[in-house]
1. Which residues, counting only those in the range 40-59, are in contact with a Leu (Cβ under 9 Å, 6 or more places away or on another chain) and either surrounded by 18 or more Cβ atoms within 10 Å (Cβ to Cβ) or outside the structural domain of residue 202 (by the TED database) (or both)?
2. Considering only the range 143-162, how many residues are open to solvent by less than 60 Å² (accessible area, probe 1.4 Å) and either among the aromatic types (Phe, Trp, Tyr) or away from ligand 1 (no atom under 16 Å from the Cβ) (or both)?
3. Mind counting the residues in the range 22-39 that are away from ligand 2 (no atom under 12 Å from the Cβ), open to solvent by 10 Å² or more (accessible area, probe 1.4 Å) and of a type outside the set (Val, Ile, Thr)?
4. Of everything in the range 190-201 that's surrounded by 14 or more Cβ atoms within 10 Å (Cβ to Cβ), of a type outside the set (A, V, I, L, M) and touching a helix residue (DSSP H, G or I) at 6+ places or on another chain (Cβ under 9 Å), which residue is farthest from residue 170 (Cα to Cα)?
5. Restricting to the range 106-140, give me the number of residues that are closer than 17 Å to residue 192 by Cβ and open to solvent by less than 30 Å² (accessible area, probe 1.4 Å).
6. Could we say that residue 71 is surrounded by 18 or more Cβ atoms within 10 Å (Cβ to Cβ) and in the same structural domain as residue 241 (by the TED database) here?
7. In this structure, is residue 101 within 16 Å of ligand 1 (Cβ to nearest atom), modelled with pLDDT of 95 or more and in the same structural domain as residue 236 (by the TED database)?
Amino acid sequence: MLEHLARKWARKEKMEQSAEFDSNGMIPNHIAVIMDGNGRWAKARNLPRIAGHRSGMKTVKEIVKASDEIGVKYLTMYAFSTENWKRPREEVDFLMKLPQEFLTTELDELVERNVRIRMVGSKEELPAHTLKALETAEERTSGNTGLQLNFALNYGARKEIAIAVKDIVTRLQAGEIALEQIDEEMISRHLYTSDFPDPDLLIRTSGEIRLSNFMLWQLAYTEMWFTDVLWPDFTREHLYQAIAEYQGRARRYGAV
Ligand code: IPE
Ligand code: IPE
Ligand code: MG
């Protein structure tokens, strides 16, 4: 038993040092990322929090490219939660401008890369300019067949589930479906993420070990990887390290 643990730790350490994953091995089909630590990154440099968000945007670009290059099929980035509206007005305004800024500089390249962009989250509360930028990107990339890049914006998993419940009950009351038909698959199909598979790997930066209302349903059997690195400092090497560790995990889904 002890020997087994020692071997396991030796393997873990080796992978953490090398940041090398097996490119012929299992590459996670869907990676979800909780991009956290922008504010602390800025604070450590005596900069305003928004400087951290701007720097974090560079990381987004880098991680999108890296994921595309190694053959990840779905990448979901948590950019703004339904709880983030509690932040100071100035910060929220800045965050709501970031999609436009990101897409203005990146959309052409993403189109060239055959990337398909989707927004997951509630569109209702978003400012018109934010929604327009996202919808333009969704439309322009709707025919693309490469990496599917999802931005979780104004996303809250509990809200998502509550909306799904309401939709299903509405259909039930209208007589469109029978009670017996309500199952896990039907619930999945009523979530924002109905078009994509559940994440295989979840990454959260900045040392927080929690989900913060992110994909509560979809993460049921996802492998999780946490790092103390703050999002603006996160590089493709860290991504490779996460994948290397993922490749060393045994996914049992409750079986033996
Ligand atoms: C993540 O960084 C970005 C968003 C939540 C929008 P934070 O802004 O949460 O950074 P910290 O956690 O305060 O350092
Ligand atoms: C989660 O980060 C939301 C995003 C990364 C967009 P937060 O910084 O909002 O989470 P808490 O408040 O630390 O749980
Ligand atoms: Mg945070």
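The values are calculated or read from the model by the stated rules, or taken from the named source; none is laboratory data. Small disclaimer: the values here were computed from a predicted structure and weren't measured. Ideal geometry is used to build each Cβ from the backbone, glycine not excepted, and the neighbour counts take in all protein chains shown. Note: accessible area is taken over every heavy atom of the protein model, side chains too, but ligands, DNA and RNA are not part of it. Shrake-Rupley method; radii C 1.70, N 1.55, O 1.52, S 1.80 Å.
1. So in the range 40-59, the residues in contact with a Leu (Cβ under 9 Å, 6 or more places away or on another chain) come out as 40-41, 44, 50, 52-57.
Scanning the range 40-59 gives 41, 50, 52, 53, 55, 56, 57.
2. First, the residues of the range 143-162 that are open to solvent by less than 60 Å² (accessible area, probe 1.4 Å): 144, 146-157, 160-162.
Now drop any that are not either among the aromatic types (Phe, Trp, Tyr) or away from ligand 1 (no atom under 16 Å from the Cβ) (or both), which leaves 144, 146-149, 151, 155, 160-162.
Number satisfying all stated conditions: 10.
3. Initially, the range 22-39 is screened for residues away from ligand 2 (no atom under 12 Å from the Cβ), giving 22-31.
Then drop every residue that is not open to solvent by 10 Å² or more (accessible area, probe 1.4 Å), which leaves 22-27, 29.
Now drop any that are not of a type outside the set (Val, Ile, Thr), which leaves 22-26, 29.
Total satisfying the criteria: 6.
4. Taking the range 190-201 as the starting set, the residues that turn out to be surrounded by 14 or more Cβ atoms within 10 Å (Cβ to Cβ) are 190-193, 196, 198-201.
Applying the additional criterion that residues be of a type outside the set (A, V, I, L, M) yields 190, 192-193, 196, 198-200.
Keeping just the survivors that are touching a helix residue (DSSP H, G or I) at 6+ places or on another chain (Cβ under 9 Å) gives 190, 192-193, 198, 200.
Values: 190: 12, 192: 17, 193: 20, 198: 25, 200: 32 Å.
If we take residues in the range 190-201 being surrounded by 14 or more Cβ atoms within 10 Å (Cβ to Cβ), of a type outside the set (A, V, I, L, M) and touching a helix residue (DSSP H, G or I) at 6+ places or on another chain (Cβ under 9 Å), then 200 is farthest from residue 170 (Cα to Cα).
5. Here is the first cut: in the range 106-140, the ones closer than 17 Å to residue 192 by Cβ are 116-126, 130-131, 134-135, 137-138.
This time we only want the ones that are open to solvent by less than 30 Å² (accessible area, probe 1.4 Å), so: 117, 119-122, 126, 130, 134, 137.
Summing the residues that are closer than 17 Å to residue 192 by Cβ and open to solvent by less than 30 Å² (accessible area, probe 1.4 Å) in the range 106-140 gives 9.
6. On the way: surrounded by 18 or more Cβ atoms within 10 Å (Cβ to Cβ): no; in the same structural domain as residue 241 (by the TED database): yes.
No: the conditions fail for residue 71.
7. On the way: within 16 Å of ligand 1 (Cβ to nearest atom): yes; modelled with pLDDT of 95 or more: yes; in the same structural domain as residue 236 (by the TED database): yes.
It is true that residue 101 is within 16 Å of ligand 1 (Cβ to nearest atom), modelled with pLDDT of 95 or more and in the same structural domain as residue 236 (by the TED database).
Per-residue answers, yes or no, for (1) of a type outside the set (Lys, Arg); (2) touching a residue at least 40 places away in the same chain (Cβ under 8 Å); (3) away from ligand 3 (no atom under 16 Å from the Cβ):
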site	(1), (2), (3)
47	yes, no, no
63	yes, yes, yes
69	yes, no, yes
77	yes, yes, no
